[in-house]
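Colleague: Below you will find the structure I want to go over with you.
The values are calculated or read from the model by the stated rules, or taken from the named source; none is laboratory data. Remember, predicted model here, so these are calculated numbers, not experimental data. All Cβ positions, glycine included, derive from the backbone under ideal geometry; neighbour counts span all protein chains shown. To get the accessible areas, we keep the full protein, side chains included, count just its heavy atoms, and leave off ligands, DNA and RNA. Shrake-Rupley method; radii C 1.70, N 1.55, O 1.52, S 1.80 Å.
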Amino acid sequence: MQGNEPSLNRRMFLRGAAGVLGAVAAPGLLAACTRNDAQSEASPAADPDPGTAPENLDFEAPDGGGSADGLRVGLLVPTSGVYTTLGSAMVQGFNLFVGENLDAFGGRRIETVTVDEGETPESGVEAAQRLLNEEQVDLVVGIVSSGVALNVRDLFDQGQVPLIIANAGAGALTGQARSPYLFRTSFSNAQEGYALGQYMYDNVTEQGVYLIGPDYAAGIEHLVGFRKAYEEAGGVVLRESHPAFATTEDYTPFLDEIKEIDAEAVWAFFSGAEAVRFVQQYAEAGLQDDVPLLGTPLTDENWIEAQGDAAEGVRSSLHYALDLDLDRNRQFVSAYQAAYGVMPSSFSVQAYDAAQLLALGLQATEGDTSNMEAFIEAMASIEEIDSPRGAFTLDGNRNPVQSFYLRTVEDGEIVYTEDLGVVADPLN
Ligand code: BEZ
């Protein structure tokens, strides 16, 4: 059990619950109470506020909850390393849906236990093993890094434990290495990269693009997706670079290269602390005003403040925008803000929707997971998920088919700019 994980404390949750009720009238939420059995396993020293609730919040169904069987959900997210902010948003998103919809899980009481995915495949595998073997969870939600997801795939497939991937985009997991136990509520890396290819060609440059992303599956596959769409449109890529993941502190050699080859635009994949570093150094190198920077996610509600003026004008494509003009999104944003005092991001939405998928599956089986085949088939048969990002479906490989949006940073805010259309995984 990790001691330093981000948490939704009880005061914050109850304060937020009033906001949630106001915003979406979730019945029974205030009547809910939390169970602390996971806390007893957590490091007490980790909680900076002794008056707050445990770091692993468990939710109990308000009515008849005494007889409801608990469903133990492992949240496998980074609480350390370059992707920490992503993990925090995912825990919040998952908890928000559960807290809003306690009676939507087929009568099951959702108990969560969170472990740190860390930054490397090794740390992720160890954490997944802990969840499956020691914590004896019924299923797992989360995983930020493709490197981790690829390495834990067999544990879930062979152990016949459902895994709802709420971020990691490794294409193989919903492609040649798919498993009936694997679901994804985020994107495939190539799909996310693909979304901006035609836009770049039509609106920025027909040639002279420099591509950059870290040297692991996500960095490589995002670039494959972008390149495919851009070249299909007729575009010419000048060069592609892959700095070492998580350890590159100084991007100067790559920024120098962009200048040397006279690139007309840059398309980049960086996330979390890496996105902050890259965008800041891009501006410091004097490129911000001269060479348009586009990519994914690059900017995010969790780190836009840290990027400061360096992010101005950066364009990114994602399947979510905070100011998306949908009632479902407005309700979600207001509930999230009330609960946590911060804005949600795409990572929050992906985990919120993982909880929705779980709820829909449990409703279909009336809470019964004893027949695992029937339960995963029920989740696979969900026709549509009513998400804050806009309704989306899962393809036959259990990967979302969804709209992507162009977002631009203006005056320190990430603003919805245009709809890039519905994009499916272009490779699987
Ligand atoms: C990945 O490793 O798949 C990933 C990490 C951060 C953002 C998007 C994808």
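Colleague: How would the stretch 178-276 be classified by its alpha-carbon gyration tensor: rounded, prolate or oblate, with rounded meaning a/c under 1.5 and the a/b versus b/c comparison settling the rest?
Modeller: Taking the square roots of the gyration eigenvalues as a ≥ b ≥ c, the stretch 178-276 is oblate.
Colleague: Classify the stretch 230-276: rounded, prolate or oblate, from the alpha-carbon gyration tensor (a ≥ b ≥ c, eigenvalue square roots; a/c under 1.5 rounded; otherwise prolate if a/b is larger than b/c)?
Modeller: Oblate shape, in that a/c is at least 1.5 and b/c is the bigger or equal ratio.
Colleague: Provide the per-residue ³J(HN,Hα) series for the stretch 365-372, in order, calculated from phi with Karplus coefficients 6.51, -1.76, 1.60 and θ = phi - 60°, each as a whole number of Hz, with x at glycine and proline positions.
Modeller: 9, 6, x, 8, 10, 5, 9, 4
Colleague: Convert each backbone phi in the stretch 307-314 into a coupling constant with the Karplus relation 6.51 cos²θ - 1.76 cosθ + 1.60 (shift: θ = phi - 60°), then list the ³J(HN,Hα) values in order as whole Hz, x for Gly and Pro.
Modeller: 6, x, 4, 4, 8, 3, x, 5
Colleague: Starting from the stretch 77-155, pick out the chymotrypsin sites (Phe, Trp or Tyr not before Pro) whose DSSP state is loop and whose Cβ has at most 10 other Cβ atoms within 10 Å.
Modeller: Of the chymotrypsin sites (Phe, Trp or Tyr not before Pro), not one in the loops of the stretch 77-155 has a Cβ with at most 10 other Cβ atoms within 10 Å.
Colleague: Moving on to the next point. Over what distance in Å are the Cα centres of the stretch 325-342 and the stretch 204-281 separated?
Modeller: That distance is 33 Å.
Colleague: Could you please state how large a percent of the accessible area of the stretch 342-428 is carbon and sulfur, counting protein chains only and using a 1.4 Å probe?
Modeller: The computed percentage sits at 45.
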